[in-house]
Structures are given as C-alpha cells and as structure tokens.
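Q: Below you will find the structure I want to go over with you.
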Amino acid sequence: MERDTDVFVIGGGPAGLAAAIAARKKGFRVIVADGAKPPIDKACGEGLLPDALSALGRLGVFIGAMGGSSVRGIRFLDGGATADADFPNGRGLGVRRVVLHQKMMERASGCGVSFLWNTPVTGIDAKGVAAGGKRIRARWIIGADGSRSRVRRWSGLEEATQEKQRFAFRRHYRVKPWSEWTEIHWGDAAQAYVTPVSNEEICVVLISAKANMRFDEAPREFPKLQRQIERAPFQSSERGAITAMHGLKRVWRGNVALIGDASGSVDAITGEGLCLSFCQAFALADALEAGDLALYQRAHRRLCRRPTFMGNLMLLLAAKHSLRKHAMGVWEKAPHIFARMLAFHVGAASPWEMATSGAILSWQFLTA
C-alpha cells in the first residue's frame, strides 16, 4: 500500500522534533503535527546540561553563544550552606525555551521534515492517523504529546507507576546574572532554580508539592534570592506546569511508540528531561531502521535508569530537611563528593564511581 509518510509524529515540542530529525537522518519520510502554533513554550528551567548540548549537536542543532548564556556548573544553596561544582564535560547553556524550539524547527525543516501546525490529531489506528479532518497513512506513529498523552491512551499504554505530582512556576527577570552556575535554592516547602539565559536576564522556576505556592511566597522561602530579584522588572508573566516521576511498563505497541514525557518522565528537579528525550530519539530511530520497536523498549529502559535514580535522590533531599542539611554540611567540607555526584548526574561518571562516592558520603554521615 502506498503511504503518505513513513513516520508520523504527534507533538511538535522538543521531543517530537528530536524524534523527527533522528528519523529523517535515517532516510524516513516524516510528518510532525501539533495543535499549537510555534514557537511552543513551556514552564521549564531553561538550562541545558552538557550532555543535552552534546545530543543536540548529534541532531545537528547548534544554538550558538548569542542564543543563550554559558553555565559552568551547579550550585546548591540551603540557608547559609553552599555546595558547587563545575560540569566535568564542558559547559551547559541557559537558553529560552522558545529559542531552543525555533532552532530545532529550523533544523527539522532543513533536513526535510514536513509540518502540520494548528492541526489537532483526533485518532490513530494501525494504518495511520486522523488529523485536520483528513486521513493520513503512516507506517509508524510516534506519540510525543506530553505527560497527558492522548496517543498513550489511544494505544492502550496507560498502565504506569505514578509518583506524587508537583507544581512548577516560571518567570523571567531582567537583571544581570550574578553567577555562572545554575543555582538551586532549597527551602522548606519548595526549590527555586535560577538560570542565566542572557547577559541581562535570568529564568527562575519555583517547584513545590503545594499547588498554591507562588512567587509572592518566595521572600519567606528564599530571602537571599528575593533580595537579588526584588527590584528587577519582570520579562514574562508567571507560567505553570505539572511535574512528576512517571514510568510506563511499555512504551510501544504495534506500530506506535512513545517518546519524551509521553513515555514517562523524571521530576523537573533533575533538569534531565530534555536530554533524556534527545537520547530516546536516537534509540527510536535505530529501532525504526531495524523495523523492531522492541529494541526501543530495551534502550528506553536503560536510558531512564540514571535520571530516575537521580530524580528519586533529589526528591528525597527535598522531602527530608534534616538529611539535606546534613548532606550540605558534608559537601561543604568535602566538595569532591559533590563534584562526583554532579559528574554522575551528567553522565560523566560511572555507577561504580557514584557508588564509591555514596559509600564515602555514608561514612562522613556516621563520623560527623
């Protein structure tokens, strides 16, 4: 049967565009459909870790120095305690989500991907999709439509392990960045992520288990941060999103595969969501080339192990205040342990090295 396309991607965000580019690089004909109009924005921390930048490079997406702000590493701040470390594998980048989306669209268009914007997909079957009032025949269907994926529901892949949801709110401030690090400010009821996105602008994301937590509560949770931004004008309105640890037993069925948050997610506290999506795109393209989506299932499970481990660790620190404060004290005295943890987080250290650091950290706890 003559098909309209080889691969039909439902969802035109970064995960969908990454899947489209990776499939197109394998020679497949690709269509991307989304009910929204680009550029697509989302409430996120807007920091790309070095491994995410490396994955973007493999896709042929290059943002450039003028597109964002270079980030040297991660800094934790909790009360008067501070721990920081440089990335061991190059610098990260703070970049506005709409800038990233525009660059990825340009790359996808340049390599021959076709787009159907403002075109909701209303159903799928074994032969293709219903989109914009038309039937489009496709060999493969990729669900990249986010954490509340309709493709996941349509394909019968909803069975999942669902952890407690949290709530994220983002706002931009016009102020000269005071740090080359992405800062994570820890409070009793929330975390605040601060990332420079230009020479004159920062992105601040507030993450909390409280649905009613807003920026007007920041002075109580983060007094030092509040002093740094209280006179800065807003560059954007407050924008919210839901974040969660969410895993699926299966990420494919028949000719349908899921990618990005549609296929499970790690809490935004990790900052690893985009990189995970990009790496999934390569694995999915390999499986499409082989004609065997079971290969993608195995690769997906392997790719999720490290981000899931780090996500659970970070959520534990968020929930257990005494544990976090004890850990901060250890990291201040032994910064190499914090550096090793960061190296594992960005894929530059092995599980064995992380286990060694964990053993050292445990000993420090016992002898503190």
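The values are calculated or read from the model by the stated rules, or taken from the named source; none is laboratory data. Being a predicted model, the structure only gives us computed values, none of them experimental. With ideal geometry, Cβ positions are generated from the backbone for all residues, glycine too; neighbour counts draw on all protein chains shown.
Listed here are the residues, each with its yes/no results for (1) surrounded by 24 or more Cβ atoms within 10 Å (Cβ to Cβ); (2) assigned to a helix (DSSP H, G or I); (3) touching a Pro at 6+ places or on another chain (Cβ under 7 Å).
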residue: ALA262; (1), (2), (3): yes, yes, no
residue: LEU274; (1), (2), (3): yes, yes, yes
residue: GLN280; (1), (2), (3): yes, yes, no
residue: GLU289; (1), (2), (3): no, yes, no
residue: LEU295; (1), (2), (3): no, yes, no
residue: LEU303; (1), (2), (3): no, yes, no
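Q: Also, quick follow-up: Limited to the range 2-37, what total is found for residues that are under 22 Å from SER265 (Cβ atoms) and part of a loop (DSSP other than H, G, I, E, B)?
A: Summing the residues that are under 22 Å from SER265 (Cβ atoms) and part of a loop (DSSP other than H, G, I, E, B) in the range 2-37 gives 6.
Q: Now for a different question. Does the range 134-141 contain any residue that is in contact (Cβ under 8 Å) with a residue 12 or more places away in the chain and under 24 Å from the mean Cα position of the chain (by Cα)?
A: Within the range 134-141, one or more residues are in contact (Cβ under 8 Å) with a residue 12 or more places away in the chain and under 24 Å from the mean Cα position of the chain (by Cα).
Q: Within the range 190-208, does at least one residue satisfy the condition of being surrounded by fewer than 19 Cβ atoms within 10 Å (Cβ to Cβ) and either among the hydrophobic types (A, V, I, L, M, F, W, C) or not assigned by TED's automatic domain parsing to the domain that holds GLY12 (or both)?
A: Yes, there is a match, as at least one residue in the range 190-208 is surrounded by fewer than 19 Cβ atoms within 10 Å (Cβ to Cβ) and either among the hydrophobic types (A, V, I, L, M, F, W, C) or not assigned by TED's automatic domain parsing to the domain that holds GLY12 (or both).
Q: Give the range 166-187 a look and list any residue that's among the small types (Gly, Ala, Ser), part of a loop (DSSP other than H, G, I, E, B) and touching a Ser or Thr at 6+ places or on another chain (Cβ under 9 Å), or say none. Please lay out each step first, then the result.
A: Residues of the range 166-187 that are among the small types (Gly, Ala, Ser), as a first pass: 168, 179, 187.
Going one step further and asking which of them are part of a loop (DSSP other than H, G, I, E, B), we end up with 179, 187.
If the condition is that a residue be among the small types (Gly, Ala, Ser), part of a loop (DSSP other than H, G, I, E, B) and touching a Ser or Thr at 6+ places or on another chain (Cβ under 9 Å), then GLY187 is the only one that fits.
Q: Could you list all residues from the range 263-280 that are farther than 21 Å from TRP154 by Cβ and in contact with a helix residue (DSSP H, G or I) (Cβ under 6 Å, 6 or more places away or on another chain)?
A: Within the range 263-280, VAL266, ASP267, ILE269, THR270, GLU272, LEU274, CYS275, LEU276, PHE278, CYS279 qualify.
Residue-by-condition table, conditions (1) closer than 19 Å to VAL99 by Cβ; (2) surrounded by fewer than 24 Cβ atoms within 10 Å (Cβ to Cβ); (3) touching a Phe, Trp or Tyr at 6+ places or on another chain (Cβ under 6 Å):
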{"site": "ASP6", "(1), (2), (3)": "no, yes, yes"}
{"site": "PRO14", "(1), (2), (3)": "yes, no, no"}
{"site": "ILE21", "(1), (2), (3)": "yes, no, no"}
{"site": "ILE31", "(1), (2), (3)": "no, yes, yes"}
{"site": "LYS37", "(1), (2), (3)": "yes, yes, yes"}
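Q: When you scan the range 280-313, how many residues do you find that are within 30 Å of ARG324 (Cα to Cα) and in contact with an Asp or Glu (Cβ under 9 Å, 6 or more places away or on another chain)?
A: So the answer is 5.
Q: So, one more: Could you go through the range 322-332 and let me know if any residue there is assigned by TED's automatic domain parsing to the domain that holds GLY143, in contact with an Asp or Glu (Cβ under 9 Å, 6 or more places away or on another chain) and not polar (S, T, N, Q).
A: No, because not a single residue in the range 322-332 is assigned by TED's automatic domain parsing to the domain that holds GLY143, in contact with an Asp or Glu (Cβ under 9 Å, 6 or more places away or on another chain) and not polar (S, T, N, Q).
Q: With basic (Lys, Arg) and crowded, with 17+ Cβ neighbours inside 10 Å as the only criterion, which of ARG227, ARG148, ARG166 stands out?
A: Details: ARG227 fails: crowded, with 17+ Cβ neighbours inside 10 Å; ARG148 fails: crowded, with 17+ Cβ neighbours inside 10 Å.
On inspection, the qualifying residue turns out to be ARG166.
Q: Let me ask something additional. Can you tell me which residue among THR122, THR82 is touching a residue at least 12 places away in the same chain (Cβ under 8 Å), hydroxyl-bearing (Ser, Thr, Tyr) and part of a strand (DSSP E or B)?
A: After ruling out the rest, the residue left standing is THR82.
Q: On the given criteria, is SER198 hydroxyl-bearing (Ser, Thr, Tyr), over 30 Å from GLY64 (Cβ atoms) and within 22 Å of the chain's Cα centre (by Cα)?
A: no
Q: Out of the residues in the range 132-145 that are part of a loop (DSSP other than H, G, I, E, B) and of a type outside the set (D, E, K, R), state the one that is surrounded by the fewest Cβ atoms within 10 Å (Cβ to Cβ). I'd like the intermediate steps shown before the answer.
A: In the first step, residues of the range 132-145 are kept if they are part of a loop (DSSP other than H, G, I, E, B); the result is 132-133, 144-145.
Of the ones still in play, those that are also of a type outside the set (D, E, K, R) are 132-133, 144.
On the way: GLY132: 14, GLY133: 8, ALA144: 31.
Step by step, filter the range 132-145, then rank; the result is GLY133.
Q: Name the single residue, out of those in the range 173-200 being touching a residue at least 60 places away in the same chain (Cβ under 8 Å) and in contact with a Phe, Trp or Tyr (Cβ under 7 Å, 6 or more places away or on another chain), that is nearest to PRO233 (Cα to Cα).
A: So, considering only residues that are touching a residue at least 60 places away in the same chain (Cβ under 8 Å) and in contact with a Phe, Trp or Tyr (Cβ under 7 Å, 6 or more places away or on another chain), the one nearest to PRO233 (Cα to Cα) is TYR173.
Q: Being assigned to a helix (DSSP H, G or I) and either over 13 Å from the mean Cα position of the chain (by Cα) or over 21 Å from ALA55 (Cβ atoms) (or both), is that true of even one residue in the range 244-257?
A: For the range 244-257, residues assigned to a helix (DSSP H, G or I) and either over 13 Å from the mean Cα position of the chain (by Cα) or over 21 Å from ALA55 (Cβ atoms) (or both): absent.
Q: A further question on this structure: Assigned to a loop (DSSP other than H, G, I, E, B), touching a helix residue (DSSP H, G or I) at 6+ places or on another chain (Cβ under 9 Å) and buried (at least 17 other Cβ atoms within 10 Å of the Cβ), is that true of GLY311?
A: no
Q: Then there is this: Quick one: would you say LYS42 is within 13 Å of GLY260 (Cβ to Cβ) and either of a type in the set (D, E, K, R) or in a loop (DSSP other than H, G, I, E, B) (or both)? Give the steps one after another, and end with the answer.
A: Working: within 13 Å of GLY260 (Cβ to Cβ): yes; either of a type in the set (D, E, K, R) or in a loop (DSSP other than H, G, I, E, B) (or both): yes.
For LYS42, the condition - within 13 Å of GLY260 (Cβ to Cβ) and either of a type in the set (D, E, K, R) or in a loop (DSSP other than H, G, I, E, B) (or both) - is met.
Q: Yes or no: the range 54-66 includes at least one residue that is touching a Lys or Arg at 6+ places or on another chain (Cβ under 6 Å), within 17 Å of SER198 (Cα to Cα) and surrounded by fewer than 24 Cβ atoms within 10 Å (Cβ to Cβ). Walk me through it before giving the result.
A: Filtering the range 54-66 for residues touching a Lys or Arg at 6+ places or on another chain (Cβ under 6 Å) gives 60-61, 63.
Pick out the ones that are also within 17 Å of SER198 (Cα to Cα) and you get 63.
Okay, now just the ones that are also surrounded by fewer than 24 Cβ atoms within 10 Å (Cβ to Cβ), so 63.
Within the range 54-66 (the criterion being touching a Lys or Arg at 6+ places or on another chain (Cβ under 6 Å), within 17 Å of SER198 (Cα to Cα) and surrounded by fewer than 24 Cβ atoms within 10 Å (Cβ to Cβ)), the answer is yes, since at least one residue qualifies.
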